[in-house]
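The values are calculated or read from the model by the stated rules, or taken from the named source; none is laboratory data. Values in this document were obtained by computation on a predicted structure and should not be read as measured data. Methodologically, a virtual Cβ is constructed for each residue, glycine included, from the backbone with ideal geometry; neighbour enumeration extends over all protein chains shown.
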Amino acid sequence: MVSPPDALVELDEVTKAYGKVLALEQVSARFFRGEIHCVLGENGAGKSTLMGILAGFVIPERGSFMIHGKPAPMGRPESMKQQGFAMVHQHFMLVPNFTVAENLCLTNHGGKGVVLNPKSQTLVAATLAKDLGWKLDLNLLVADLPVGAQQRVEILKALMSNPEILILDEPTAVLSGPEVEDLFDVLRTLKAQGKAIILIAHKLDEVMAIADRVTVLRKGKLVAGALLSETNRDQLAQWMVGEIPPVPELIANQAGEEILRLSGLDVRGDRGELSVKGISLAVKAGEVVGIGGVDGNGQIELAEAVVGIRPSQATLRELPSKIGFIPQDRQGQGLALNLSIRDNLLIGGLEDKSLGSGLFFASQRVKNWATQLIKEYEIKIGSPLDPVASLSGGNQQKIIVSRVLSQNPPLVVAVNPTRGLDIRAAEYVHRRLRMAARQGAGVLLISTDRDELTALSNRILVMHNGELEQIS
Amino acid sequence: MKKVFPILAIALGLVLSLVLTLFAFGLDVPRSLGLIFDGALGNRFGLATALVRSTPLVLAGLGMVVAWRAGMFNIGGEGQYMMGALGGAWIAQILIPIAPAPVVNIAILLVGTVFGALFAAFAGWLQVSRGVQVVISTILLNFVAFEVVNWAIRGPLQEAKRQLPQTQSLPDAVMMMRFDPQTSLHSGVIFPLIAVGVVWVFLFVSKAGLKLRFVGDNQDAGKANQLPTGRIQISAMAWSGGLCGLAGTIDYVGLVGHLGSGHAQNWGFLAIPVALLGGLHPVGTLLSGLYFGVLFAGSENLARFTPIGTTIVYVIQAVAVLSFVAFPRLAGEWVKRTSAKKVALAGSPREGVE
């Protein structure tokens with residue numbers, strides 16, 4: 001690979017570890033003026049860490065980071081701005097109850113000293129917007145704008161400081177098709193102005209459409225850096241994913257009847273956008289159906305709609321009355337952290353008549369039941385009356401898994417059930433889910449971990465942009 | 001032992017804060033302590049007053065325990081207390097001409113409880129279905145309750161003579177039984193004891209109580225566990241308001257016998273620190289309610305001999321809440337933050353993203 005001498009930003013053999021986990025290992029990359037440079041990779045490949053280093057809020061342990069051939073001021077995001085860096089975050093950093101103009105003043109108040117001068121800022125912004133061919137009413141509240149327009153505000157905000165290097169973190173994640181096209185036109189305009197554009201991405205089609213140069217990361221390592229013209233789509237996919245491991249032979253489960261059937265399911269996300277778009281899905285008893293895909297493509301919304309905790313519309317909906325739910329965020333959604341281990345187990349046993357038939361629990365039976373579960377699921381605890389917050393992540397997850405599976409629900413919905421667990425705990429959760437399926441439960445496994453999906457699923461679907469695609 | 005030590009520490013701290021408060025007011029500390037002790041525990045009159053004062057504190061305090069455990073920050077105990085008494089006065093006026101006294105007595109207690117419960121449940125409903133936080137709505141509904149009572153005691157429920165803005169005094173037969181005609185001790189003082197048991201069983205043995213505590217600790221987890229979080233929160237408010245309403249009703253039918261605009265003497269507000277100092281636990285609330293009942297009775301006696309009276313109760317409550325509830329929490333946060341900073345400094349600095 002020949003690199004022209006005028007690299008604007010140079011990363012050389014950069015390494016960053018979090019604890020024992022190497023987020024980046026000896027990664028090198030060069031970024032040039034007038035180029036759109038895509039950084040590609042799956043979840044956990046190290047894209048965010050790389051971006052954090054470029055934006056100045058992550059300091060690498062080893063390696064060098066040069067701007068204009070001089071060492072960059074690492075660890076000081078505010079001075080990165082003076083170096084000509086600007087960043088468009090994936091999650092907008094906007095104040096919803098401020099107008100567009102007020103939001104633009106947040107980074108640069110336009111006036112002298114402590115005086116706010118929205119007018120001068122508005123003028124600059126209006127000129128910028130016009131150059132990009134945008135019609136944007138600067139007096140509207142950001143909260144009233146559609147997502148695409150909010151992103152324009154975010155981009156304008158970044159451009160206000162007239163940066164040389166613009167970093168965009170998965171900017172298309174929230175955009176619809178035409179909005180993506182529009183964004184790409186703008187990026188091309190900015191490229192023509194001589195800016196270096198760094199795009200964090202994971203959608204191959206978009207990379208093929210816009211990139212001049214790509215850097216591919218996998219599990220923290222640099223897999224490839226190349227001009228787009230030197231490579232092709234299949235090559236990129238292979239770089240990104242590596243060799244696809246063979247699907248292990250699963251014990252053929254009894255082909256049961258369908259216990260979950262959905263057709264034309266529409267689910268809206270938190271911002272009111274259509275996150276799940278008319279999908280159809282069926283799960284049979286004894287079967288593990290895996291749903292893969294990159295985070296934020298509607299998987300969480302799908303899970304919550306199936307479990308019945310998020311409103312949704314469907315043309316056909318056949319569900320069992322009892323659904324066991326293993327949520328993705330165990331501390332946020334799974335547990336009441338200040339309550340005892342026993343209470344957190346017991347919340348899954350509310351309908352278990354053997355624990356007390358009327359309004360009350362039978363305390364002795366509850367005690368035996370909890371002790372039994374703790375033993376059976378190998379949960380390491382002090383006393384069942386200790387707060388669940390005192391447990392490690394793996395044991396907390398076991399609490400959730402045990403209380404869900406012990407009730408033998410006909411359908412289990414599990415979202416990233418082993419995220420953040422060590423190998424042993426993850427292995428254990430996998431064994432339990434497999435066992436549940438063998439005993440006749442249907443399991444809907446939603447995961448961003450491809451290894452997990454292939455290890456557990458009878459068949460795998462991929463969710464992309466709110467739609468399901470069958471792959472095996 | 002693990003549980004006894006903090007209780008002892010708090011008890012000691014409460015006594016210490018009493019001493020410091022007396023000292024800060026410039027009073028003769030030993031003499032004042034003697035007066036307080038005499039006024040509350042020295043004889044049967046004092047003891048009766050202490051029990052009667054702690055009754056509304058414990059009942060409304062238990063109400064706070066239930067609501068706060070459900071994550072519903074009910075600040076409307078005062079209004080619910082008034083609405084309870086109003087419900088009692090209303091049913092009394094209807095039933096006294098037509099029903100025997102024991103029936104009227106029971107009806108007063110029941111209707112008063114229901115009035116308080118409904119009034120608080122309304123605030124709960126506002127939060128669940130309209131997004132109005134109970135912290136705000138219950139404060140404002142206090143004023144609604146005061147004005148409704150003000151209207152009732154000048155209108156439909158005013159005494160027969162129509163002289164004072166208050167309801168007709170209840171006949172003695174309808175009032176709670178007095179154990180000793182010379183003291184104010186009435187049979188209503190057993191209600192806090194019963195209520196402590198009921199609330200304890202409800203919170204820690206019943207299925208509804210588990211759901212309530214679970215939702216109170218983590219509403220999102222409650223939702224993910226397919227619990228009807230809204231219904232649970234509204235029912236917690238109903239329990240809470242019911243207990244506050246019962247407190248107001250017992251003071252009406254046990255102690256005062258009529259309802260005037262000054263019926264609620266901050267009992268509903270004082271119940272919040274009582275519950276907090278009680279660790280939001282029914283038994284703790286009973287103990288802290290009794291302590292403040294004693295302090296009220298004692299400081300009423302103190303007021304006879306010094307220019308300072310029940311004010312010290314408020315001062316001590318404030319000092320106690322700050323030192324036992326607010327300060328440890330702030331200190332805990334501070335320790336957490338500084339130690340986190342130290343860890344961050346020792347490890348790799350400024351980690352912003354993963």
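Can you run down the residue pairs with Cβ atoms below 6 Å, 6 or more apart or on separate chains, where the first is in segment A:286-299 and farther than 27 Å from A:Gly440 by Cβ and the partner is part of a strand (DSSP E or B) and modelled with pLDDT under 90?
Filtered contacts from segment A:286-299: A:Gly293/A:Val462; A:Gly293/A:Met463; A:Gly293/A:His464; A:Asn297/A:Met463; A:Asn297/A:His464; A:Gly298/A:Ser275; A:Gly298/A:Val276; A:Gly298/A:Met463.
Which members of segment A:431-460 meet the condition of being farther than 12 Å from A:Val294 by Cα, in a strand (DSSP E or B) and either outside the structural domain of A:Val307 (by TED's automatic domain parsing) or of a type in the set (A, V, I, L, M, F, W, C) (or both)?
Scanning segment A:431-460 gives A:Val443, A:Leu444, A:Leu445, A:Ile460.
Among (1) over 30 Å from A:Thr172 (Cβ atoms); (2) within 14 Å of chain B (Cβ to nearest Cβ); (3) part of a loop (DSSP other than H, G, I, E, B); (4) modelled with pLDDT of 85 or more, there is one condition A:Ser321 misses while meeting the rest; what is its number?
(4)
This table checks each residue for (1) outside any loop (DSSP other than H, G, I, E, B); (2) free of Cβ contacts under 8 Å to residues at least 60 places away in the same chain; (3) more than 10 Å from chain B (Cβ to nearest Cβ); (4) touching a Phe, Trp or Tyr at 6+ places or on another chain (Cβ under 7 Å).
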{"site": "A:Val306", "(1), (2), (3), (4)": "yes, no, yes, no"}
{"site": "A:Ile309", "(1), (2), (3), (4)": "no, yes, no, no"}
{"site": "A:Leu337", "(1), (2), (3), (4)": "no, yes, no, no"}
{"site": "A:Asn344", "(1), (2), (3), (4)": "yes, yes, no, no"}
{"site": "A:Gly348", "(1), (2), (3), (4)": "no, yes, no, no"}
{"site": "A:Ser357", "(1), (2), (3), (4)": "no, yes, yes, no"}
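With respect to B:Ser129, determine if the residue is surrounded by 15 or more Cβ atoms within 10 Å (Cβ to Cβ), in contact (Cβ under 8 Å) with a residue 40 or more places away in the chain and not hydrophobic (A, V, I, L, M, F, W, C).
Here the answer is no, as B:Ser129 does not meet what is asked.
Which helices (runs of 4 or more DSSP H) sit wholly inside segment B:280-354 and have at least 2 residues that are hydrophobic (A, V, I, L, M, F, W, C) and modelled with pLDDT of 70 or more?
Passing ranges, in order: B:282-305, B:311-321.
Could you tell me which numbered condition A:Leu302 fails, if it satisfies all but one of (1) more than 9 Å from chain B (Cβ to nearest Cβ); (2) within 18 Å of A:Ala370 (Cβ to Cβ); (3) touching a residue at least 40 places away in the same chain (Cβ under 8 Å)?
Tallying (1) more than 9 Å from chain B (Cβ to nearest Cβ); (2) within 18 Å of A:Ala370 (Cβ to Cβ); (3) touching a residue at least 40 places away in the same chain (Cβ under 8 Å), A:Leu302 fails exactly one: (2).
Across segment A:359-384, which residue is farthest from the other protein chains (Cβ to nearest Cβ) among those that are in contact with a Lys or Arg (Cβ under 6 Å, 6 or more places away or on another chain) and under 17 Å from A:Leu337 (Cβ atoms)?
Among those that are in contact with a Lys or Arg (Cβ under 6 Å, 6 or more places away or on another chain) and under 17 Å from A:Leu337 (Cβ atoms), it is A:Ile379.
Filter segment A:370-389 down to the residues that are touching a residue at least 24 places away in the same chain (Cβ under 8 Å) and in a helix (DSSP H, G or I), then identify the one that is nearest to the chain's Cα centre (by Cα).
A:Ala389
Residues in segment A:201-211: is at least one within 17 Å of A:Glu164 (Cα to Cα) and not basic (Lys, Arg)?
The answer is no, given that none of the residues of segment A:201-211 is within 17 Å of A:Glu164 (Cα to Cα) and not basic (Lys, Arg).
Within segment A:148-168, count every residue that is out of contact with any helix residue (DSSP H, G or I) (no Cβ under 8 Å at 6 or more places or on another chain) and assigned to a helix (DSSP H, G or I).
3
Is it the case that A:Gly394 is at the interface with chain B (Cβ under 9 Å from one of its Cβ atoms) and over 30 Å from A:Ile279 (Cα atoms)?
Spelling it out, it is not the case that A:Gly394 is at the interface with chain B (Cβ under 9 Å from one of its Cβ atoms) and over 30 Å from A:Ile279 (Cα atoms).
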